[in-house]
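FYI, it's all coordinate maths here, none of it is from the lab. For clarity, every value in this text was computed on a predicted model and none was experimentally measured. FYI the Cβ positions are ideal-geometry reconstructions off the backbone, even for glycines, and counts take in every protein chain you see.
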Amino acid sequence: MTSWSAWSSAWGWMRSQLWVRIKGRTGAGDIIAGVCYRPPDQGDRADEAFYRQIGAASHSQALVLMGDFNHPDICWRDNAAERKQSRKFLECVNDNFLLQVIEEPTRRGAVLDLILTNKEGLVGDVKLKGSLGCSDHEMVEFRTLRAARRACSKLTTLDFSRADFGLFRDLLSRIPWDKALEGRGAQESWLIFKGHLLQAQQRCIPTKRKSSKNTKRPPWMNEELLGKVKQKTEAYRR
């Protein structure tokens, strides 16, 4: 049987978190599992401390982090958000090459409850099971798959090597931007621009299945870009 033990660290001051190490069988490796609740009014300082925790945990062999993160404005399909704090969280997720596996709303049309993992195929059979008692959140049921799956990846990414950038530029140049954005505020202008950009992207940039090799990194992340990400992270911490 798998044994559980507390993951000892200096992170205990964050009251709404629990971290455990799931002991694996010989040769199977351990899984670091975290459960957290992030209050909607949490300040930047607490957020930054939490992001450092996520960064440290993401270096484990297998990580599953779940909980209510309270970022209702994040669009996980487009990897975009309206609020500054939500964009910072997305940046943390991307910088640490984490996968977010919840696809359906968990509370009033918003994806508040998330499951993050650093290993493709580690989390599967994700289901929403309705609310429990007086809670207005959906219960999330999933399985942690101890044996690494070698099945074909279901994740897709943009294949820029086959993109038609000439058509992409042409489509965007046809839009009368002055008229389209006239009298619009910054947020509304951004949504209009993003809509046209995604439409052009869909027509001009094909997708491909993500390789199951080195699944902690996106396929476009080479050593040069990885070095730039590390430089940015180090500069931000100074």
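Sequence-ordered 3J(HN,Hα) estimates for the range 34-41 from the Karplus curve with 6.51, -1.76 and 1.60 and θ = phi - 60° stand at x, 10, 9, 10, 9, x, x, 9 Hz, glycine and proline given as x. Amide H contacts of Ile102 (H built 1.01 Å from N, in plane; Pro and chain starts excluded): Ile115 sit under 5 Å, all sequence-distant by 5 or more or on other chains. Give the aspartates and glutamates whose C-alpha is closer than 18 Å to that of Lys88, dropping any in the same chain fewer than 8 places away, or say none. Partners found: Asp41, Asp44, Asp47, Glu48, Asp68, Asp73, Asp78, Asp113, Glu234. When a/c is below 1.5 the answer is rounded, else prolate if a/b is larger than b/c, else oblate, so apply that to the range 164-204 with a ≥ b ≥ c taken from the square roots of the Cα gyration tensor eigenvalues. It is oblate, given that a/c is not under 1.5 and a/b is not larger than b/c. The calculated FRET efficiency for His196 paired with Lys23, based on their beta-carbon distance and R0 = 41 Å, is about 0.20. Each residue, Val126 and Arg209, gets one label point 7 Å from its Cα in the Cβ direction; the gap between the two is 1.9 nm. With the simple model of a label 7 Å out from the Cα in the direction of the Cβ, Asp78 to Met139 spans 3.4 nm. With both labels modelled 7 Å from their Cα along Cα-to-Cβ, the Leu167 to Arg107 distance reads 4.3 nm.
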